[in-house]
Every structure is written in C-alpha cells, then in structure tokens.
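Comments concern the structure below.
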Amino acid sequence: QSQVVTETVAFNKRRHESPFPIFDLPIRPGSEKEFLLKVWGKEQIQLPFKIGEKGQVMNDMSTTNIWIGLYVGIILLMVLYNFFIYVSVKDDSYIHYVLFILAVGFAQIITQGVQFQYLHPNLPWLSEIGFFVFPALAGITGLTFQRVFLSTRENLPIAARLIYVFIGLYVFSGIVGIFVDHVIGYNVMQFSAMAVSVYLLTVSIILAKRGKREAKFFLVAWSIFLLGVILFILKDNGVLPYNAFTKNTMQIGSALEVILL
C-alpha cells in the first residue's frame, strides 16, 4: 500500500498530526518486509530518518515540540521586553530589534513546520512563500538594526552603502524562488546569508577596535548567532553532518543572541 506525504497537502488531511513526514510500516513480529522510499524536493535534501514503534516516534515528536515551544517562548518574551523598552525610551534601535527578532523567529519556526501546523493548516502554499520571505526579512532587519544601533552610516559610510546591495540580493532571491526557480532562489538566499554574516561580523570588529562601546556588545551577542547561521549553511551544503546539533544551530544561536543583546 503506497503512502504519500507532501508539503502541498493541507495539514488536516495528513494521516498523522505532524509537520514532518511519518509513514506507517506494518511489520509483524519475526517477519521481514521490503519498503521503497522515493524522495523529491526543490532544494538540498536532508534525509535523516528513524524507524521505531508508534509510541516511541510520538514521544520523540513530543520532545521536539517542547524544545520548539521553549524557543517560541523566548522569542515572544524578548519581543515584548524590547517593545516595552521602546515605548518607554523611544530609541529607534529597539523597534528595529523587535522587527529583527520577529523575522528570525518566524524564519526558524518555518523550518520546523510549526507555522503550517498552527497558523495556516489549510494553506500549505503559504509555507513555500514564507520559506523565502522570512529569512530575507531576517537578513534585512538585521542589517537595518546594526545600521541604527552602531550608527554605521556615520562611522563607516562606505560599508553602510553595501546594505542596499544585500537587500537587493534578498529581494532577488525571494522573487526568483517564488516565481521562477526554487533551487536558484534558495542558493542565492544561502549566499546572501553567508555574505551578510561576514559583513555584520566585519563591521562590528572594525568599530569595536575603534573603541565604540555598542560594537563590543553587538560583537559578543552577534558572533553566537552568526556562528549558528554559518554552521547551519555548512550543514545544508554537506560540509557538516546532519545531526541533532547542526539542524538546530540557528535556533540555538538566535535564542542566545536575543537574550545576550
């Protein structure tokens, strides 16, 4: 009996309530069976899989959901905390930071399928669009936050102009990924994320060496997040192995970054 699981099917039509593909493999004790698995995707395919009894698999899913819930809780707490500070002190850097945290949070839960399961279970096509929109917004809001927080327009005017190049790359990757070719758009976005990571780190180091106090805070917190981004991309491109740590480096890095900064 064939079983098909695809991200284009509404969540309520799935056999199991899980954002990840789960297949029933009926095998009687002491018997053997052969199963064929056919996989197709629009971007780099990571293919880790586990075989276990239903109770064990559901327990693993529950543990994963707990960690996702903890991450979402941290993001929401930091959004509210920084928003109330913005309301109190009217410092524009806080509202830019709130927008960045929201974009990063959505970008991360999309990779876990959480937004599909809880926000739009009957509209699976929104996941594909969000897969490009929110990572791009995370990069763009990160750039604008650094520009305001470190005053790069005044302190490094030439470097500050590069922001528009990166924003253009993100917009281009989103348009291409959604309307033209998913793979090309995804690759451009991966390149943009790596380039922006290096840019933010370099600018922070330069200004920290010049004695700018804010840059030192930014560098410590941001380095952790950027390390998570780099490790995640290296995993996607096969340089690092896929495991419980490398698949969650961006969640770990972003959670620590918003707490520290």
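The values are calculated or read from the model by the stated rules, or taken from the named source; none is laboratory data. Everything numeric in this text was worked out from a predicted model, so none of it was measured. Here the Cβ positions follow ideal geometry from the backbone for every residue, glycine too, while neighbour counts run over all protein chains shown. SASA here: full protein model, heavy atoms, side chains in, ligands and nucleic acids out. Shrake-Rupley method; radii C 1.70, N 1.55, O 1.52, S 1.80 Å.
One table, with the values for the structure above:
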| read-out | value |
| --- | --- |
| Residue in the range 245-257 that is acidic (Asp, Glu), closer than 26 Å to Thr63 by Cα and either part of a loop (DSSP other than H, G, I, E, B) or out of contact with any Cys (no Cβ under 7 Å at 6 or more places or on another chain) (or both) present | yes |
| Any hit, the range 125-142, residues being more than 20 Å from the chain's Cα centre (by Cα) and in contact (Cβ under 8 Å) with a residue 12 or more places away in the chain | no |
| Leu150 open to solvent by 60 Å² or more (accessible area, probe 1.4 Å), in contact (Cβ under 8 Å) with a residue 24 or more places away in the chain and over 11 Å from the mean Cα position of the chain (by Cα) | no |
| Count of residues meeting criterion [open to solvent by 30 Å² or more (accessible area, probe 1.4 Å), among the aliphatic types (A, V, I, L, M) and within 19 Å of Ala255 (Cβ to Cβ)] in the range 86-120 | 2 |
| Filter result (in contact (Cβ under 8 Å) with a residue 24 or more places away in the chain, within 21 Å of Gly69 (Cα to Cα) and not in a helix (DSSP H, G or I)) within the range 93-123 | Gly113, Pro121 |
| Condition check for Val176: at pLDDT 85 or above, surrounded by fewer than 18 Cβ atoms within 10 Å (Cβ to Cβ) and assigned to a helix (DSSP H, G or I) | no |
| Search result, residues across the range 157-171 that are buried (at least 16 other Cβ atoms within 10 Å of the Cβ) and modelled with pLDDT of 90 or more | Leu162, Ile163, Phe166, Ile167, Leu169, Tyr170 |
